[in-house]
Amino acid sequence: MQKRDLPSKTCPVCARPFTWRKKWERDWQNVMYCSVRCAARKARSSDTVQPDATKAGASWRR
């Protein structure tokens with residue numbers, strides 16, 4: 001099987017495509033991020049509140 005024939009997904013954090021890897025063979029359905037860095041970024045970004053969702057004078061953090 002060649003690399004172009006492998007399944008791929010798009011990372012929701014960086015919007016880059018990533019392809020199937022042997023180490024993800026048993027868990028491919030649950031793989032969401034292309035890297036540990038993107039997974040950490042997603043975890044950090046969900047901890048903050050978007051500016052338009054805050055009230056005037058409210059903190060940016062939950």
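Overview of values
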| quantity | calculated |
| --- | --- |
| Number of the condition not met by Thr10 [criteria: (1) hydroxyl-bearing (Ser, Thr, Tyr); (2) modelled with pLDDT under 95; (3) surrounded by 10 or more Cβ atoms within 10 Å (Cβ to Cβ)] | (2) |
| In the range 1-35, residue nearest to Ser45 (Cα to Cα) [restricted to those that are aliphatic (A, V, I, L, M) and under 16 Å from the mean Cα position of the chain (by Cα)] | Val13 |
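The values are calculated or read from the model by the stated rules, or taken from the named source; none is laboratory data. For clarity, every value in this text was computed on a predicted model and none was experimentally measured. Note that we place each Cβ from the backbone using ideal geometry, even for glycine, and neighbour counts take in every protein chain shown.
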